[in-house]
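Each remark here refers to the structure printed beneath this line.
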Amino acid sequence: MTTSPLSAVRTRGAGSLAWHLGSLAVLAVVLYPVVWVIGGSFKPNDEIVGSLELFPSNPVTDNYSRLAEGIADIPISTFFGNSLFLALGSVVGVLVSCSLAAYAFARIRFAGRNLFFALMIGTLLLPYHVLLIPQYVLFQKLELINTYTPLLLGKYLATDAFFVFLMMQFMRGLPKELDEAARLDGCGHLRIYWSIVLPLCRPALITSAIFTFINAWNDFMGPLIYLNEPEKYTVSLGLKMFVDQDGLANYGGMIAMSLVALLPVLAFFLAFQRYLIDGMATSGLKG
């Protein structure tokens, strides 16, 4: 028995409706925590815990206005400035060191290249906590505790193997003829790296920069271990200060500051997200 065209249209319509309804249900589940946090930032502190309302009937802005007063006599701008310094410093370190290491692995033949590459990839299997105690002891002996050096030094030594691998795979896809033509013009490895390879690797560099910025901005474990003075705390540690020694928490202020802390990450992502979809065709290979 053949199916009439009208019946087929109805079947496809019912399937499309079910698909869209299911997508909306999943979207509601995913966005519920975000909506709850936004609504909680406008609730009094005593109405946040145990309340089933997403948005308060009588919104208040005290949670945001109190942020201007700071935390424990420390302006929140101090926490944001420290986080921004670490995040931007990490981005610069990763882009410089990892791109140099990636260029060496991708474009230069040297003895032991495969062995060193295997050792580098092997570091991805090491949990962060395994290296935590030896690193802390090392920086303590060097009297670098309570400074930003332990949090930034590794970024400038190409210790992020994932980003080295990401950039190296991108560089391997570049035509070798570009290097050969540059050598005929008298260019060395440094000039080839700076003038040819880096401009063509812009998508990989932007991707690494975005993830590095987000990871450094949200890092909690590193600053918690190496920083002792509240004036040097980052935003993640500043949020911890909303809980006092007696276990009493200012949930309203904590939620409000959490939302404000998302703005730099969101702005950084929106500013560079269009480069994530750039490919070789838009990287200047024409001509």
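Assorted remarks:
- For the pair residue 156 and residue 221, the difference between a 0.36 nm per residue extended length and the Cα-Cα distance amounts to 21.5 nm.
- FRET E, pair residue 195, residue 266, Förster distance 30 Å, beta-carbon r, rounded to 0.05: 0.35
- Percent breakdown of C-alpha pair distances by 10 Å bin, ordered from the shortest bin, for the chain: 5, 19, 23, 21, 16, 10, 4, 1, 0
- Shape analysis of region 183-232 based on the Cα gyration tensor places the equivalent ellipsoid semi-axes at 38, 14, 7 Å, largest first.
- If R0 equals 51 Å, the separation of the Cβ atoms of residue 73 and residue 274 corresponds to a calculated FRET efficiency of about 0.75.
- In summary, the lysines within cross-link reach of residue 232, defined as a Cα separation below 27 angstrom excluding same-chain residues under 8 places away, comprise 141, 155, 240.
- Label-point gap, in nm, between residue 178 and residue 144 - each point 7 angstrom along Cα→Cβ: 3.4
- Placing a label point 7 Å from the Cα of residue 113 along the Cα-to-Cβ direction, the residues of region 83-104 whose backbone N falls under 19 Å of that point are 98-104.
- Accessible-area value, residue 226, 1.4 Å probe, nucleic acids and ligands omitted, Å²: 10
- Computed over region 82-132, the P(r) curve from all C-alpha pair distances, binned at 10 Å from the origin, holds 20, 35, 35, 9, 0 percent per bin.
- Sequence-ordered 3J(HN,Hα) estimates for region 110-119 from the Karplus curve with 6.51, -1.76 and 1.60 and θ = phi - 60° stand at 9, 5, x, 4, 5, 5, 5, 5, 5, 5 Hz, glycine and proline given as x.
- The ellipsoid equivalent to the alpha-carbon distribution of region 167-257 has semi-axes of 48, 13, 9 angstrom, derived from the gyration tensor eigenvalues as √(5λ) and listed largest first.
- Summed over qualifying helices (DSSP H, 4 residues or more, each -39500 (n - 2.57)) and divided by its residue number, the chain shows a 222 nm mean residue ellipticity of -20000 deg cm²/dmol.
- Per-residue 3J(HN,Hα) values for region 137-148, derived from phi via the Karplus relation 6.51 cos²θ - 1.76 cosθ + 1.60 with θ = phi - 60°, read 5, 4, 5, 5, 5, 7, 6, 10, 5, 6, 10, 8 Hz in sequence order (x marks Gly and Pro).
- The order of the peptides 77-90, 24-37 by mean Cβ neighbours within 10 Å, most packed first, is 77-90, 24-37.
- Per-atom-type breakdown for region 65-130 gives carbon and sulfur 71% of the accessible area (1.4 Å probe, protein chains only).
- Directionally averaged projected area (region 88-222, Cα convex hull): 9.3 nm².
- Pairwise label distance in nanometres, residue 14 with residue 29, each label 7 Å out on the Cα-Cβ vector: 2.4
- Scattering from region 40-114 was approximated by placing one identical point on each alpha carbon and applying the Debye formula without solvent; log10 I(q)/I(0) at 0.15 1/Å stands at -0.73.
- Distance from region 174-189 to region 65-98 (C-alpha centre basis), Å: 41
- Leading residue at positive end of dipole, the chain (Cβ point charges), from 101, 210, 38: 101
The values are calculated or read from the model by the stated rules, or taken from the named source; none is laboratory data. Keep in mind the model is a prediction, meaning the values are calculated, not measured. A quick note on method: Cβ atoms are made from the backbone with ideal geometry, for glycine too, and the neighbour counts reach across all protein chains shown. Just so you know, the surface numbers come from the protein's heavy atoms only, side chains and all, with ligands and any DNA or RNA stripped out. Shrake-Rupley method; radii C 1.70, N 1.55, O 1.52, S 1.80 Å.
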